1. For the range 204-313, state which chymotrypsin sites (Phe, Trp or Tyr not before Pro) are in a DSSP loop and have at most 10 other beta carbons lying within 10 Å of their beta carbon.
2. Take the alpha-carbon centre of the range 199-251, take the same for the range 290-313, and report the distance between them in whole Å.
3. On the principal axes of its Cα set, how long, how wide and how thick is the chain? Give whole Å, largest value first.
4. Can you tell me the accessible area per residue over the range 90-187, all protein chains present, probe 1.4 angstrom, in square angstrom?
5. Find the relative contact order for the range 204-284 and round it to a whole percent, using C-alpha pairs within less than 8 Å whose residues are 6+ positions apart.
6. Report the residue, chosen from His311, His142, His57, that carries the largest GNM mean-square fluctuation when the chain is represented by alpha-carbon nodes joined by springs under 10 Å.
7. Which of Asp277, Asp291, Asp106 moves the most in a Gaussian network model of the chain with Cα springs under 10 Å?
8. Once phi is turned into ³J(HN,Hα) by the Karplus curve 6.51 cos²θ - 1.76 cosθ + 1.60 with θ = phi - 60°, what whole-Hz value does each residue of the range 51-61 show in order, with x for glycine and proline?
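The values are calculated or read from the model by the stated rules, or taken from the named source; none is laboratory data. No experiment lies behind these values; they were computed from the predicted model shown. Here the Cβ positions follow ideal geometry from the backbone for every residue, glycine too, while neighbour counts run over all protein chains shown. What goes into the accessible areas is simple: the full protein's heavy atoms, side chains included, and nothing from ligands, DNA or RNA. Shrake-Rupley method; radii C 1.70, N 1.55, O 1.52, S 1.80 Å.
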Amino acid sequence: MLTNKYTILGKEIKKGERAFLELEVAKLHTRNTIKVPVIVERAKKDGPTLLLMGGVHGDEVNGVAIVRDIIRKKYNKPKTGMIICIPVFNVFGFLNLRREFPDGRDLNRMFPGFLNGSLASQFAYRFTKEIAPKVDYVIDFHSGGADRSNFPQIRCVIKEKKSLKLAQIFNAPFILNSEYISKSVRDTIHNLGKTILLFEGGKSNDLDKDVINCGVEGALNVMRYLGLQNEEPELKNNPVVIPKAQWVRASNSGMFQLRVTNGSWVLKKQILGEITDPYGGYEKKVFAPFDCYVFCVNTAPIVHKGDALFHISLEIEKTKTNLPSPTNLEK
């Protein structure tokens, strides 16, 4: 919760003020400085602070577009509290549309970082020390890696009532139980006692209008629920909660064709896809092992034996979303 005096990245943000700040990443050998833009909007009334961040992986452009649209539509101007937007977190990766930092490391496995560590570790350290402690809630926007396309979903630890409630309020079609991964942004934010949601939608290096709209609407729902905006959340979905999931993997290498729509409910033995060789020697059908939801599909034209093809539900729950006050939620 905000107090009268609030300073971030060395800048005091007064009530009713906006600020365009920069988090310095590194100096290049060309003497140019790489900086990450940080856009801060503070209301005249006190309230919680929400951080919206995209582009932790530089090739996951849907997240960048979601935060960008929130800014363009001025949803980041709160009625109470503060909203901080970081559209492009991994500037290095975004410049090259690559997942990694220049040192080859996955930034999302470098937190909380070290002052004198690798380049990615130093950047993670600055975020952990200078931004993370200043916020109350975080939404981190991602897409599927490689050629895997995620149907819009929120990932959280569903046994945590506060996180599950916010996930329901975000109102993506699916809520997937996902434990904290060591050295990730989620793990670091959680260890600081904050609440974080991870949104997954679409695939790398691809802008998907439906995914972007889902992300923008979900973030706006969370803002409304937390009192940052005045209106009530618009809950269009009754999200399917997936406590357990598994991957269906390729039994053979070959050309791969999808036979199922991402996000759909399928029945046992239904054909999900087909793997063929280029010489007409074999055709291997991929069947659903049981009744389940498909919420991630591999869109690659060529797959290898063992590749993840479909992410499917092992268990499902359907819950009705009610709206208790955020102050009554259990941590």
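1. Numbers: sites: Tyr225, Trp247, Phe256, Trp265, Tyr279, Tyr282, Phe287, Phe290, Tyr293, Phe295, Phe310; in loops: Tyr279, Tyr282, Phe290.
Passing both the DSSP loop test and the Cβ count: Tyr279, Tyr282.
2. Centre-to-centre (Cα) distance: 20 Å.
3. For the chain, the Cα spread along each principal axis is 70, 54, 32 Å.
4. 40
5. Dividing the mean separation by the residue count of the range 204-284 yields 18 percent.
6. Result for the chain, Cα springs under 10 Å: His311 fluctuates most.
7. Result: Asp277 has the largest fluctuation of those listed.
8. 9, 10, 9, x, x, 4, 9, x, 9, 8, 6
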